[in-house]
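Notes for the one structure printed next.
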Amino acid sequence: MLRFGLVDGDPRFENVELKLCAMSSITVPTITLEGDADGVSPPGGRETNSKRFTGRHENRVVANAGHNLPQEAPEAFAGAVLDINAWAVRA
């Protein structure tokens, strides 16, 4: 199990990681957010996970934001929550 590039993850959680990797697709409408200044998970890193979304999915890159989007970009975060709500109402 690897985290943050080539750094080994905590072996105590390897069983959890294996279970997560084996999970089925995500079918519910989803908006994923990533900051363009995220030093933990650089932009574009979530593209590899996009195949797991089989329902409506939108990935948004937030300008001038790092890893803590609710605090660093509250408008973008709240906007995503409101958009998901609107998607659910229309469904």
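The values are calculated or read from the model by the stated rules, or taken from the named source; none is laboratory data. Keep in mind the model is a prediction, meaning the values are calculated, not measured. Here the Cβ is made from the backbone with ideal geometry for all residues, glycine too, and neighbour counts use every protein chain on show.
Are any of the residues in segment 41-64 at pLDDT 90 or above and either assigned to a helix (DSSP H, G or I) or under 19 Å from Val7 (Cβ atoms) (or both)?
no
Which residues, counting only those in segment 76-91, are among the hydrophobic types (A, V, I, L, M, F, W, C) and free of Cβ contacts under 8 Å to residues at least 24 places away in the same chain? Working first, answer last.
Filtering segment 76-91 down to residues among the hydrophobic types (A, V, I, L, M, F, W, C) leaves 76-78, 80-82, 84, 86-89, 91.
If the condition is that a residue be among the hydrophobic types (A, V, I, L, M, F, W, C) and free of Cβ contacts under 8 Å to residues at least 24 places away in the same chain, then Ala78, Val81, Leu82, Ala86, Val89 are the ones that fit.
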